[in-house]
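Reviewing the structure listed below.
Bear in mind these aren't lab numbers, they're just calculated from the coordinates by the rules spelled out. Predicted model only: the values in this text are computed from it and were never measured. Here the Cβ positions follow ideal geometry from the backbone for every residue, glycine too, while neighbour counts run over all protein chains shown.
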Ligand SMILES: [Zn+2]
């Protein structure tokens, strides 16, 4: 930066004056005619850009609560959803079991037949071939009773 002024050097008076200056934004050389305040920028656009940069920096440096910019790194939360196709084996519809003799028998056909079949089971619970399996039959009856109570009409 050139200073203007008069320096006494022995008997000679030495005068210094600004002749040219570079733009503080772009560096373009600007000649100075000596009248008025010497310009800092070559154009109003460069003065505006410099002002925008200064004020933006000042705004960014304010506390975050006052509108400033945070110095914390950007954090992200991602949600990951995986889709998997699962093939479920659908139980085959009940089919008539086979008697120990090898001959098929049929299931009861309606509610009345089911009631009679279960009553018959109840009556033979302590008898011969049923007795050893009474616990297994009781579990099946418990589960069946639960399903019957929770059944939804189709
Ligand atoms: Zn400029």
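At a glance:
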read-out: Largest-first principal axis extents, alpha carbons of the range 111-150, Å; value: 32, 21, 9
read-out: Global size of the range 15-66 as Cα Rg and Dmax, reported in angstrom; value: 15.3, 53
read-out: Relative contact order computed over the chain (Cα-Cα under 8 Å; 6+ residues apart), in percent; value: 7 percent
read-out: Peptides ranked, highest mean first, by Cβ atoms within 10 Å: ranges 13-22, 99-108; value: 13-22, 99-108
read-out: Taking the C-alpha atoms of the range 48-145, convex hull volume expressed per residue in Å³; value: 331 Å³
read-out: Spin-label model distance (nm) - residue 139 vs residue 20, 7 Å beyond Cα toward Cβ; value: 10.3 nm
